[in-house]
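Written below as structure tokens is the structure these notes are about.
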Amino acid sequence: MIRSLCLASLVLIGLPAGPARTEEYFAVTDGLVLGRDTGAPAFAAPGRLILAAEGAFYFKTLELFNLEGILGETFTGYRAPVSLRYRPHRELGVEVGVMLGHEFGDDNRLNDAAPILRLVYEPTPDVFIIGGTVVPTHWLHDALFDDTRKLRTDVEQGFQLRADRTTWKHDTWVNWRVREGADRAEEFEIGLSNQFRLWSDTLRLDAQFLWTHAGGQMSTSGRIEQSLLYLTGFSVGREHPLGGTLLEDVRAGYAWLYSRDETDHSGLFKGFGRSYTAHADLRLNSVWRVRLFGEIYDGDRFTATLGDPLYGLDDYVQRGINLLFDVADEQLHLEVGFVSQGTADQENLSYQLAMVWEGWHEVVH
């Protein structure tokens, strides 16, 4: 904990040290496409039908050079879910729609057009059981689950349990990526993020898990792969620590990571990692805020099938800034981000830009 607090101080005064949660992910917290929203789709009152739409436009470039087996990449395009949402009962919501997506620079056709079918059962306030299309805004550590994966796929399908309470945030999901066939292995992942926020959110306790599997009993492919990833950690912080409005939030944290990776052509491979994080949020005016952040990561053979490959390195340092704007009566959310990433003697850069709008219109009331 002492090391975490020291690292946080170094980040905030601008020295080249810092903490993980690479913050390379999109920092916007609105919408059901980008970022790490912890809630579920919103529905109108029982008996009412609404048309809901979201437009998430993004540009993200990973400028990675001279790293063996790790290549940079640029993502730019949009994801646009459009759906009808109906609440037949105060505890139940039904959503039917389509996810549209296009990668800029391709031809004029859509790259993605996937169905959305979602049942949302809310047995108690702010606790949701979801079947069908999974809400993809998972807040797993980037070492376990690379944020860019949501830009490579259209929708996730399976089951999900979410809690979005003041003192408890939870996300457990099953995403069935590939159905088993005669000559192809099944592929799925089971993830869990659990966080308790104690003492007026001064202390946060985290536990995370991800199991990725490829195999099955029918397939003749002979492919068997599985990866088990664990994280436990904590963070301490406070909102408005100086009593004014400029310094909105400060937080520093520590996480311990463990991996078990196994395939049909290699034995059990174990790895570890330690992550030290810190960030500060500055509120410059009613529509503009700034997040300063940093990270130090120490690893030892950590291996994650779906994770950010930079966490497979023994040492990883990063620092960056996000500019966040809420404009048009907070209907439009803008993000401009920059990250400097240090790996051994190599310094790399990542940039990202996002525009997110979401809205709904009542069709039947």
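How charged is the neighbourhood of Asp154? Take every other residue with its Cβ under 13 Å from the Cβ of Asp154, and add Lys/Arg as +1 and Asp/Glu as -1.
Working: positive: Arg79, Arg149, Lys150, Arg152, Arg177; negative: Glu103, Asp112, Glu156.
Every neighbour counted, the sum reads +2.
Would you mind calculating the gained length between Glu68 and His265 on full extension (0.36 nm times residue separation, minus the Cα-Cα distance), in nm to one decimal?
Working: separation 197, 0.36 × 197 = 70.92 nm, distance 2.19 nm.
The Glu68-His265 span can extend by a further 68.7 nm.
Please give the net charge around Thr245, taking every other residue with its beta carbon less than 12 angstrom from that of Thr245, where Lys and Arg add +1 and Asp and Glu add -1.
Counting the neighbours of Thr245, the net charge comes to -2.
Under 5 Å between amide hydrogens, which residues at least 5 positions from Arg165 or on another chain qualify, with H placed 1.01 Å from N in the peptide plane?
Those qualifying (amide H under 5 Å, at least 5 residues apart or on another chain) are His170.
Name the long-range amide H neighbours of Ile116: under 5 Å, sequence gap of 5 or more, or other chain; modelled H, no Pro or chain starts.
Here the answer is Gly97, Val98, Met99, since their amide H atoms fall under 5 Å of that of Ile116.
(1) 155; (2) 177; (3) 203: which one is volume of the Cα convex hull per residue in Å³ as calculated from this entry?
(1)
When Phe75, Phe145 are ordered from fewest to most other Cβ atoms inside 10 Å of their Cβ, what list results?
Lowest to highest Cβ neighbour count: Phe75, Phe145.
Please name whichever of Ala53, Thr76, Gly93 sits farthest to the positive end of the charge dipole of the chain, dipole taken about the Cα centre and charges placed at Cβ: Lys and Arg +1, Asp and Glu -1.
Gly93
So what J values fall out for the stretch 120-131 if you push phi through Karplus, 6.51 cos²θ - 1.76 cosθ + 1.60 with θ = phi - 60°, rounded to Hz, Gly and Pro as x?
Once θ is set to phi - 60°, the couplings for the stretch 120-131 become 10, 10, 10, x, 9, x, 6, 10, 10, 10, 10, x Hz.
For the pair His89 and Phe338, what calculated FRET efficiency results from E = 1/(1 + (r/R0)^6), where r is the Cβ-Cβ distance and R0 = 45 Å, to the nearest 0.05?
Calculated value: 0.45.
DSSP loop (so not H, G, I, E, B), at most 14 other Cβ within 10 Å: list which trypsin sites (Lys or Arg not before Pro) in the stretch 256-310 pass both filters.
For trypsin sites (Lys or Arg not before Pro) across the stretch 256-310 that sit outside H, G, I, E and B with at most 14 neighbouring Cβ atoms in 10 Å, the list reads Arg301.
Multiplying the sequence separation of Phe159 and Val174 by 0.36 nm and subtracting their Cα-Cα distance, what value in nm do you get?
Net length gain for the segment: 4.9 nm.
Using DSSP to define loop residues, name the trypsin sites (Lys or Arg not before Pro) in the stretch 122-192 whose beta-carbon has at most 12 other beta-carbon atoms within 10 Å.
Those that pass, being in a loop and sparsely packed, are Arg152, Arg179.
Want the number for Leu203 to Glu239: 0.36 nm per residue separation, take away the alpha-carbon distance, what's left?
Using 0.36 nm per residue and subtracting the Cα-Cα distance, I get 11.8 nm.
Between beta-carbons, use under 15 Å as the cut-off and find the net charge around Ile116, counting Lys and Arg +1, Asp and Glu -1.
Around Ile116, the surrounding residues sum to -2.
Which of the lysines could be linked to Lys150 by a straight reach, that is with a Cα gap under 17 Å, when you skip same-chain ones fewer than 8 residues away?
Cα-Cα hits under 17 Å: Lys60.
When the Karplus curve 6.51 cos²θ - 1.76 cosθ + 1.60 is applied with θ = phi - 60°, which whole-Hz ³J(HN,Hα) does each residue of the stretch 137-148 get, with x for Gly and Pro?
Taking θ as phi minus 60°, the curve returns 7, 6, 10, 4, 4, 4, 5, 8, 9, 5, 4, 5 Hz for the stretch 137-148.
Suppose each label sits 7 Å from its Cα in the direction of the beta carbon; what would the Arg301-Val127 distance come out to in nanometres?
4.1
Name the residues of the stretch 334-363 whose amide N is less than 17 Å from a point 7 angstrom out from the Cα of Ala45 along the C-beta direction?
Under cut-off, by backbone N: 361-363.
Going Cα to Cα from Lys169, which aspartates and glutamates come in below 17 Å? Please leave out same-chain ones fewer than 8 positions away.
Asp30, Asp37, Glu122, Asp126, Asp201, Asp206
In deg cm²/dmol and to the nearest 500, what is the mean residue ellipticity at 222 nm of the chain if only DSSP H runs of at least 4 residues count, each as -39500 (n - 2.57), divided by the residue total?
Rounded to the nearest 500, the figure is -1000 deg cm²/dmol.
Using the 10 angstrom Cβ neighbour count as an exposure proxy, how do Ser350, Ser340 rank, fewest first?
Least to most surrounded, the residues fall as Ser340, Ser350.
Taking the number of other C-beta atoms within 10 Å as the exposure measure, put Val356, Val96 in order starting with the fewest.
Going from least to most buried by this count: Val96, Val356.
Which one, Trp360, Phe302, Ala214, is farthest towards the positive end of the dipole of the chain when Lys and Arg carry +1 and Asp and Glu -1 on their Cβ?
Farthest along the dipole direction, towards plus: Trp360.
Residue by residue through the stretch 200-211, what is 3J(HN,Hα) from phi via Karplus (6.51 cos²θ - 1.76 cosθ + 1.60, θ = phi - 60°)? Round to whole Hz and write x for glycine and proline.
6, 6, 6, 10, 10, 10, 10, 9, 9, 8, 9, 10
Each value in this text was obtained by applying a stated rule to the coordinates, not by laboratory testing. Quick caveat: nothing in here was measured; it's all calculated off a predicted structure. Using ideal geometry, Cβ is built from the backbone for each residue, glycine included, and neighbour counts are taken over all protein chains shown.
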